[in-house]
Amino acid sequence: RTSRRGASRNQTAMSVQLSQDELKKQAAWKAVEYVKSGMRVGLGTGSTAAFAVARVGELLSNGTLTDIVCVPTSVATQQQAESLGIPLATLDEVPKLDVAIDGADEVDPALNVVKGRGGALLREKMVEMASDSFVCIVDETKLVSGLGGSKLAMPVEIVQFCWKYNLERLRSLEEVAGCEAKLRMDGDAPYVTDNSNYIVDLYFEEPIKDSYAAAKAISALEGVVDHGLFLDMVTTCIIAGSDGVIVKE
Ligand code: 5RP
């Protein structure tokens, strides 16, 4: 039986959750204002991006947006977009995009971001690099003074082949010294990305000293497919917080 104290704790947790979702939605709706009829649009992955996908679907179905084609960054986003009747393409078909909208896990003051806790980092980076602009949408909980500073995962997508070797090599890089490296699990089995790869999550005690050096060193490992450091990629960041929605360019 839930005690009165337990019940009120649950209610508090629920209202915090709802208000964070409301902030994500506000950021997402603001970002969709950047989408105009005729554009080629990258659709991100995650709970914040899902609000943007839903909004694009709504504006298409009520005729406000016409003639757009979207490139999804994951199978999950593809399925959501398909369910809403959003016209989709791949980068093979539409290699140049006007705008991409996506969430992030951490945003630093220079608008460099960590992405990929949802596991979609590779397709996200490909789509966002193919776009003239990348509108990043977050609630204020994602702001950090330095990347790695949230103490949550910084993902690295690796090939399955000799994953322990790849993990050890990541762990021993000077540029990420002191981080804890763990293979991401999905229950009892390794988590597998949409590209059939594994993910190693790096956890930092302190923000990464030099994100550029870390990105370069991680990318240089042969078994690494990509990493969650998205540096110099965000063109606009929309941050929803208790004081309203802020747009940073
Ligand atoms: C998925 C991502 C997401 O954009 C990121 O994890 C943020 O997700 P959410 O909006 O659910 O907090 O990079 O790979």
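The values are calculated or read from the model by the stated rules, or taken from the named source; none is laboratory data. Note that the structure is a prediction, hence the values are computed from the model and not measured. Glycine gets a Cβ as well: all are built from the backbone with ideal geometry, and neighbour counts include every protein chain shown.
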For the subset of segment 42-64 comprising residues that are among the hydrophobic types (A, V, I, L, M, F, W, C) and over 16 Å from the mean Cα position of the chain (by Cα), which member is surrounded by the most Cβ atoms within 10 Å (Cβ to Cβ)? Val56
Any pair with Cβ under 9 angstrom, 6 or more apart, that starts in segment 111-135 at a residue that is on the phi < 0 side of the Ramachandran plot and among the acidic types (Asp, Glu) and ends at one that is more than 14 Å from the ligand (Cβ to nearest atom) and in a loop (DSSP other than H, G, I, E, B): Asp132/Lys96; Asp132/Thr235
Specify which of the listed residues (Gly148, Gly178) is buried (at least 22 other Cβ atoms within 10 Å of the Cβ) and modelled with pLDDT under 95. Gly148
For a quick check of your reading: which strands (runs of 3 or more DSSP E) sit entirely within segment 189-249 and have at least 1 residues that are within 20 Å of Phe161 (Cβ to Cβ)? 198-203, 224-227
Kindly establish whether Glu93 is free of Cβ contacts under 8 Å to residues at least 60 places away in the same chain and either touching a Ser or Thr at 6+ places or on another chain (Cβ under 9 Å) or surrounded by fewer than 24 Cβ atoms within 10 Å (Cβ to Cβ) (or both). yes
How many residues, within segment 213-227, are buried (at least 16 other Cβ atoms within 10 Å of the Cβ) and free of Cβ contacts under 8 Å to residues at least 24 places away in the same chain? 1
